[in-house]
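This report refers to the structure that appears directly beneath it.
The values are calculated or read from the model by the stated rules, or taken from the named source; none is laboratory data. Since the model is a prediction, treat every value here as computed from it, not as a measurement. When we count neighbours, we look across all protein chains shown, and the Cβ atoms used for this are built from the backbone with ideal geometry, even at glycine. Calculation scope for accessible area: heavy atoms of the full protein, side chains included, ligands and nucleic acids excluded. Shrake-Rupley method; radii C 1.70, N 1.55, O 1.52, S 1.80 Å.
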Amino acid sequence: MGTKHHSSSDPISDPKKRRRVGFSKTDAGIEANECITIYIVSSAEDVDSPNSFSLEPIDLNQFFEDDGRIFGYQGLKITIWVSLISFHVYADISFESSSDGGGGITNVKSALQNIFAESLVDEKDAFLQTFSTESHYVRSVVSNGETLQHKVSNGCSTESNCLLKSEPSDVEVFRIAGTPVGHLYSRLVPLVLLLVDGSNPIDVLDPRWEIYLLVQERKDTQEDSLSRLLGFAAVYRFHRYPGSTRMRLGQILVMPPYQRKGYGRFLLEVLNRVAVSENVYDLTIEEPEDSLQYVRLCIDVERLLVFDPIQQSLESVVSHLKQENPLKKSYMCKYAPPLSAVEDVRKALKINKKQFEQCWEILIYLGLAPINKYMEIYQAIVSHRVKAEVVGKDSEGAGKQVIDVSTEYDQQMSFVMFKSQNGESSSIETADNQSNVEEQLQKLVDKRMNQIKLIAEKVSAVHRQ
């Protein structure tokens, strides 16, 4: 049997000439957050300007499939301009090349259409023209709306400290209801989705929705008056048996260029006046973010500081706490506001019970001056309240119990809730689990204490002015 010999020129035997076999690199895609930039502009000149206001949305990845990744493009760059005049949108999409690298080719335009819907303009020239053709869009919307005047209300008036020290005279709030709500809101939806975490569009076909628009009149270069939308709030009115109405703030947004200038607070103050003047049952906010709740608490605490019907009850609680022995726990439940005060506040100021209880904590903090002397007692009170909110009032004995359990799905977010029977307390929790619960509760207490201190400092500074 012969043996086959390879010559020195055979590519198989010559390492330098061996063929290399491999696979092309799979396209990993690019996150939407990494290739999309959004600008808010108020004129045609702002488009492409390096000084345009850059928008920082919450998370653009959520609007794209495949975990927010865009496939099939090399050197992809998407620049989006949003008009604050008409709320039209234009997107400039550029890339070096496009090919299917294993993940397909993402239809970028379709994805942007899902975000901006009818507000998205195809051609840049057409978008630039909207700054002149629809320069009076906001004015046309509010022309049929109701202008809300600053009305005097219990605990809050145009002369009281509860308002901004210098309300802008060129700013007005208009209330829009009925059919016009849908047309306007359809243009605002993209900004709501981009800027309000966890938001969903309201049902514009439901006549119980109202839109409150914060509008500023400004002069342009030709001395023509322009109406500019600074922010808005969407409020839902629903029936409360037997014959009352409740107001619930579903969404509130101040346009990014005008944030941190007091306009959000100004809008909340107007809603408070509406609730009082129209004698609704109360005004609530649907799942307020921490920043919104901070402003809301500042406003309500200032209103309550000048609300006479609760002052005697507040002084009584503060006086008793100053005399309490920190080693005793009997005072824990004595600090809560009396039911009569809760009802007086709801009727006069339209503040609901849950909100009033948080304000009450801050009012006590302000009353326990110097606070450092009574900090041990005060922190014990806050801790007791936080534990009651999270674990339950009956957590030390019978009642509902929450036990963390480890599972293959998620070891940190799995739990079991059960209820003890016949007044029996449970001892299922392990020492490690109990330690973890206490640690988490302490973090919540620290967060609450920090919030209380910040609001107390803010309110005190306002009253010193």
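Within the stretch 350-363, residues that are under 15 Å from Arg240 (Cβ atoms) sit with their Cβ atoms under 6 Å from residues that are open to solvent by less than 10 Å² (accessible area, probe 1.4 Å), at 6+ positions apart or across chains, in these pairs: Lys350/Ala275; Lys350/Asp282; Asn352/Asp282. When restricted to residues that are open to solvent by less than 10 Å² (accessible area, probe 1.4 Å), under 12 Å from Arg296 (Cβ atoms) and part of a helix (DSSP H, G or I), the stretch 346-355 contains 1. Quick check, is Phe127 modelled with pLDDT of 90 or more, open to solvent by 90 Å² or more (accessible area, probe 1.4 Å) and hydrophobic (A, V, I, L, M, F, W, C)? Against the criterion (modelled with pLDDT of 90 or more, open to solvent by 90 Å² or more (accessible area, probe 1.4 Å) and hydrophobic (A, V, I, L, M, F, W, C)), Phe127 does not qualify.
Scanning the stretch 233-243 turns up no residue that is open to solvent by less than 30 Å² (accessible area, probe 1.4 Å), closer than 18 Å to Asn352 by Cβ and either touching a residue at least 60 places away in the same chain (Cβ under 8 Å) or of a type in the set (Asp, Glu) (or both). Exactly one residue out of Arg260, Arg208 is out of contact with any helix residue (DSSP H, G or I) (no Cβ under 7 Å at 6 or more places or on another chain) and touching a residue at least 24 places away in the same chain (Cβ under 8 Å), and it is Arg208.
Yes/no matrix, rows are residues, columns are (1) of a type outside the set (Ser, Thr, Tyr); (2) open to solvent by 80 Å² or more (accessible area, probe 1.4 Å); (3) at pLDDT below 80:
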{"position": "Lys151", "(1), (2), (3)": "yes, yes, yes"}
{"position": "Cys162", "(1), (2), (3)": "yes, no, yes"}
{"position": "Phe174", "(1), (2), (3)": "yes, no, no"}
{"position": "Asn200", "(1), (2), (3)": "yes, yes, no"}
{"position": "Leu205", "(1), (2), (3)": "yes, yes, no"}
{"position": "Arg208", "(1), (2), (3)": "yes, yes, no"}
{"position": "Ser227", "(1), (2), (3)": "no, no, no"}
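For the stretch 272-291, the set of residues classified as surrounded by fewer than 21 Cβ atoms within 10 Å (Cβ to Cβ) and not aliphatic (A, V, I, L, M) consists of Ser277, Glu278, Asn279, Tyr281, Thr284, Glu286, Glu287, Pro288, Glu289, Asp290, Ser291, listed by residue number.
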